[in-house]
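S.K.: Quick one: this structure, given as structure tokens, is what I'll be asking you about.
The values are calculated or read from the model by the stated rules, or taken from the named source; none is laboratory data. Keep in mind the model is a prediction, meaning the values are calculated, not measured. Ideal geometry is used to build each Cβ from the backbone, glycine not excepted, and the neighbour counts take in all protein chains shown.
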Amino acid sequence: MKVLILDRCQYLTDIPNVSNLPNLEEFSFQDCKNLITIHNSIGNLNKLEIIRATGCCKLESFPPLLLPSLKKLELSYCESLKSFPELLCKMTNIKDIFLLHTPIEELPFSFQNLSELHVLQIYLVRMLRFPKHNDKMYSIVFSNVTELNLLYCNLSDDCLQTVLKWCSNVKNLNLSGNKFKTLPECLSECHRLWNLNVEFCCRLEDIRGIPPNLNYFSALRCKSLSSSSRRMLLN
């Protein structure tokens, strides 16, 4: 068996031992609203390329993953998932990670095993933290990221400045709905950035840096933006 689909199984509460499915390439159990636990064996299926767990709203944890072949991991709308799964090997095939509407606040140190990541989307978390002791890890991960979407993540000024330091190669950056007050001067060091969105950043007051190759900039509903910053944008 190469594909197993268990989507919308409303009575499914547990993913059992799947070690007897060594050839599995795609495993989907989306919108299993009562799923609570997943057996650790899912993390050892070395041919697995796709895991779809979107909408498992009662799932609180995900097993460690030793999956070098994994290409896609979907964990959006897992509203009880408190932590990102530990990654036990280099996972260079994953290019995109989507974490929409999950309560994950901190990424594990093993996240550095996603060194080939190109797109990271995180949306609507209570507070996204990037601990300073993981600075090296985030520098590795974000060095290849070209599209970064951190929407409504309650990013502070300090956190934003740190993220911008890591994202030297980002081309598309969406920071809509965050709580920072300043776009710092270091933003001008993002030489590849051409699309920047800070819509609905209601506390944004000051713009101190503009990327040199920026083509598109949107600051709609930034009601606290100073008159000097508005004039700078118009110029």
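S.K.: Which one of these is among the small types (Gly, Ala, Ser) and surrounded by 17 or more Cβ atoms within 10 Å (Cβ to Cβ): Ser139, Ser229?
M.R.: Numbers: Ser139 fails: surrounded by 17 or more Cβ atoms within 10 Å (Cβ to Cβ).
Just one listed residue meets the conditions, Ser229.
Results for (1) touching a Phe, Trp or Tyr at 6+ places or on another chain (Cβ under 8 Å); (2) of a type in the set (A, V, I, L, M), shown as yes or no for each residue.
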site: Leu114; (1), (2): no, yes
site: Phe130; (1), (2): yes, no
site: Ile140; (1), (2): no, yes
site: Leu155; (1), (2): yes, yes
site: Asp158; (1), (2): no, no
site: Leu204; (1), (2): yes, yes
site: Arg208; (1), (2): no, no
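Yes or no, residue by residue, for (1) in contact with a Ser or Thr (Cβ under 9 Å, 6 or more places away or on another chain); (2) in the same structural domain as Ala219 (by TED's automatic domain parsing); (3) closer than 25 Å to Ile207 by Cα:
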{"site": "Leu128", "(1), (2), (3)": "no, yes, yes"}
{"site": "Asn134", "(1), (2), (3)": "no, yes, no"}
{"site": "Met137", "(1), (2), (3)": "yes, yes, no"}
{"site": "Asn154", "(1), (2), (3)": "no, yes, yes"}
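S.K.: Now a separate question. Take the residues in the stretch 176-211 that are aliphatic (A, V, I, L, M) and over 22 Å from the mean Cα position of the chain (by Cα); name whichever of them is surrounded by the most Cβ atoms within 10 Å (Cβ to Cβ).
M.R.: Our first condition is that a residue be aliphatic (A, V, I, L, M); within the stretch 176-211, this holds for 183, 187, 193, 196, 198, 204, 207, 210.
The next check asks that each one be over 22 Å from the mean Cα position of the chain (by Cα); those that pass are 204, 207, 210.
Numbers: Leu204: 24, Ile207: 22, Ile210: 17.
Step by step, filter the stretch 176-211, then rank; the result is Leu204.
S.K.: Collect the residues in the stretch 47-77 that are surrounded by fewer than 22 Cβ atoms within 10 Å (Cβ to Cβ), within 18 Å of Asn17 (Cβ to Cβ) and either in contact with a helix residue (DSSP H, G or I) (Cβ under 7 Å, 6 or more places away or on another chain) or hydroxyl-bearing (Ser, Thr, Tyr) (or both), keeping them in residue-number order.
M.R.: Residues satisfying the conditions are Ser61, Pro63, Pro64, Leu66.
S.K.: Within the bounds of the stretch 53-62, is there any residue that is acidic (Asp, Glu), in contact (Cβ under 8 Å) with a residue 24 or more places away in the chain and under 14 Å from Phe27 (Cα atoms)?
M.R.: Pass one, the stretch 53-62, residues acidic (Asp, Glu): 60.
Of the ones still in play, those that are also in contact (Cβ under 8 Å) with a residue 24 or more places away in the chain are 60.
Checking the rest, the ones that are also under 14 Å from Phe27 (Cα atoms) come to none.
Checking the stretch 53-62: not a single residue is acidic (Asp, Glu), in contact (Cβ under 8 Å) with a residue 24 or more places away in the chain and under 14 Å from Phe27 (Cα atoms).
S.K.: Then there is this: Please state which of the following conditions Phe27 fails to meet, knowing it meets all the rest: (1) over 25 Å from Glu105 (Cα atoms); (2) not in a strand (DSSP E or B).
M.R.: Phe27 satisfies every listed condition except (2).
Each row is one residue, and each column tells you yes or no for (1) more than 26 Å from Thr54 (Cβ to Cβ); (2) hydrophobic (A, V, I, L, M, F, W, C).
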{"position": "Phe109", "(1), (2)": "no, yes"}
{"position": "Asp135", "(1), (2)": "yes, no"}
{"position": "Ser139", "(1), (2)": "yes, no"}
{"position": "Ser143", "(1), (2)": "yes, no"}
{"position": "Asn149", "(1), (2)": "no, no"}
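S.K.: Now, a different point. Quick check on my filter: what residues within the stretch 78-87 are farther than 17 Å from Leu120 by Cβ and crowded, with 16+ Cβ neighbours inside 10 Å?
M.R.: Going through the stretch 78-87, the residues farther than 17 Å from Leu120 by Cβ turn out to be 79-80, 82, 86.
Residue satisfying the conditions is Glu86 alone.
S.K.: Could I ask something else about it? Given Leu160, Leu214, which one is modelled with pLDDT of 90 or more, within 17 Å of the chain's Cα centre (by Cα) and not in a strand (DSSP E or B)?
M.R.: Values: Leu214 fails: within 17 Å of the chain's Cα centre (by Cα).
Exactly one residue qualifies, and that residue is Leu160.
S.K.: Restricting the search to the stretch 32-46, which residues are surrounded by fewer than 18 Cβ atoms within 10 Å (Cβ to Cβ) and at pLDDT 95 or above? Steps first, please.
M.R.: Of the stretch 32-46, the ones surrounded by fewer than 18 Cβ atoms within 10 Å (Cβ to Cβ) are 33-34, 36-37, 39-41, 44, 46.
Passing the criteria: Lys33, Asn34, Ile36, Thr37, His39, Asn40, Ser41, Asn44.
S.K.: So for the stretch 78-97 (the condition being among the acidic types (Asp, Glu), farther than 26 Å from Ser218 by Cα and at pLDDT below 90), does at least one residue qualify? Working first, answer last.
M.R.: First, the residues of the stretch 78-97 that are among the acidic types (Asp, Glu): 79, 86, 96.
Subset that is farther than 26 Å from Ser218 by Cα: 79, 86.
Keeping just the survivors that are at pLDDT below 90 gives none.
No, the conditions are met nowhere in the stretch 78-97.
S.K.: On to the next question. Kindly indicate whether any position in the stretch 105-124 is in contact with a Ser or Thr (Cβ under 7 Å, 6 or more places away or on another chain) and crowded, with 19+ Cβ neighbours inside 10 Å.
M.R.: no
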